[in-house]
Amino acid sequence: MLFALVCVAAWPLFRTIYFSFTDTSLTNLYGGKWVGFDNYLSFRQLSSGRILWRGTLVDPAWWNAVWNTVRFSMVSVAFETVLGLMVALVLNAQFVGRGIVRAAILIPWAIPTIVSARLWGWMLNDQFGIINDILLNLGIIDHKIAWTANVDTAMFAVLIVDIWKTTPFMALLCLAGLQMIPRDIYEAARVDGVHPVKVFFKVTLPLVRPALMVAVIFRALDALRIFDLVYVLTPNSKATKTMSIISRENLIDFDKFAYGSAQSTLLFAIIAIFVSLYIWIGKVNLSGEGER
């Protein structure tokens with residue numbers, strides 16, 4: 001197990017970090033020379049005395065990608081958590097056809113991301129997309145909008161598709177937590193005449209919190225490294241370009257392999273710091289020993 005973990009995770013990570021300290025190119029992977037932190041930050045003083053800074057840490061395109069990724073992650077995870085919990089509460093109730101509804105609600109999550117992106121790309125198209133037709137007929141908009149091409153609406157379009165696709169995943173994790181709560185507690189609250197809203201905030205939410213915190217970690221990790229949905233739905237849009245997208249561009253498209261490796265290393269560092277802070281501040285118990 002440890003050997004497999006080293007092969008599939010530790011070795012690629014080590015190689016990426018190593019490449020980020022070299023001038024390796026895609027056409028010469030084994031001929032790179034050690035350049036230290038030049039791909040992260042370096043400077044050169046001109047004869048006029050002016051200092052020119054270069055590297056990922058002073059690259060506006062990189063920080064724009066960081067902002068896009070953080071903004072996307074915070075909004076999408078917040079909406080998916082709230083909506084997922086609401087859906088889970090409905091699915092946890094007793095009603096006729098509950099099994100069919102549970103299966104049906106997972107369909108968006110089961111569809112491959114590439115297919116979802118293409119599907120929504122057609123629906124959001126400004127020439128023949130059904131979304132513009134519906135909004136025009138309802139009088140919500142007065143002209144067709146290029147949702148995925150316009151820099152003002154591109155991130156909104158990506159968020160809609162991601163929330164539509166991933167909310168069932170959050171609902172599934174929340175539902176697993178809800179089903180761990182003993183039914184006797186709800187029965188006692190009902191007999192005592194406690195209002196359902198008070199039961200939710202005093203009983204349900206505290207007891208489902210451990211499962212909810214773990215679900216948010218899983219979803220946040222996925223959101224911080226989002227690639228496929230943005231790559232297909234809004235290609236080359238500055239408004240939605242994420243850290244994974246810009247790293248891939250430098251690694252493959254621009255033949256700046258070492259530069260892209262530095263950005264990939266920073267992406268890993270940002271995710272690691274976020275997860276560590278989240279677990280520490282949220283006091284998340286990943287061992288599960290205290291919940292028994």
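Given the criteria crowded, with 21+ Cβ neighbours inside 10 Å, touching a Lys or Arg at 6+ places or on another chain (Cβ under 9 Å), closer than 24 Å to Val75 by Cβ and among the hydrophobic types (A, V, I, L, M, F, W, C), does Met213 qualify? No; evaluated as a whole, the condition is false for this residue.
Helices (runs of 4 or more DSSP H) fully within the stretch 36-153 that include at least 3 residues being more than 30 Å from Asp255 (Cβ to Cβ) and without any contact (Cβ under 8 Å) to a residue 12 or more places away in the chain: 60-92, 98-105, 113-123, 130-138.
Given the structure, is Phe156 among the aromatic types (Phe, Trp, Tyr) and either within 18 Å of the chain's Cα centre (by Cα) or surrounded by 19 or more Cβ atoms within 10 Å (Cβ to Cβ) (or both)? So that I can check it myself, show each step before the final result.
Values: among the aromatic types (Phe, Trp, Tyr): yes; either within 18 Å of the chain's Cα centre (by Cα) or surrounded by 19 or more Cβ atoms within 10 Å (Cβ to Cβ) (or both): yes.
Against the criterion (among the aromatic types (Phe, Trp, Tyr) and either within 18 Å of the chain's Cα centre (by Cα) or surrounded by 19 or more Cβ atoms within 10 Å (Cβ to Cβ) (or both)), Phe156 qualifies.
Looking only at residues of the stretch 118-145 that are among the aromatic types (Phe, Trp, Tyr) and open to solvent by 50 Å² or more (accessible area, probe 1.4 Å), we find that the one that is nearest to the chain's Cα centre (by Cα) is Trp122.
Determine which member of the set Ala65, Ala88, Ala61, Ala78 is at pLDDT 90 or above, farther than 17 Å from Phe268 by Cα and surrounded by 17 or more Cβ atoms within 10 Å (Cβ to Cβ). Give the steps one after another, and end with the answer.
Details: Ala65 fails: farther than 17 Å from Phe268 by Cα; Ala61 fails: surrounded by 17 or more Cβ atoms within 10 Å (Cβ to Cβ); Ala78 fails: surrounded by 17 or more Cβ atoms within 10 Å (Cβ to Cβ).
It is Ala88.
Of the helices (runs of 4 or more DSSP H) lying entirely inside the stretch 195-278, those carrying at least 1 residues that are within 17 Å of Asp59 (Cα to Cα) and touching a residue at least 60 places away in the same chain (Cβ under 8 Å) are 243-248.
The values are calculated or read from the model by the stated rules, or taken from the named source; none is laboratory data. Keep in mind the model is a prediction, meaning the values are calculated, not measured. Please note: Cβ atoms are built from the backbone with ideal geometry, for glycine as well, and neighbour counts cover all protein chains shown. Heavy atoms of the whole protein, side chains included, go into the accessibility calculation; ligands, DNA and RNA do not. Shrake-Rupley method; radii C 1.70, N 1.55, O 1.52, S 1.80 Å.
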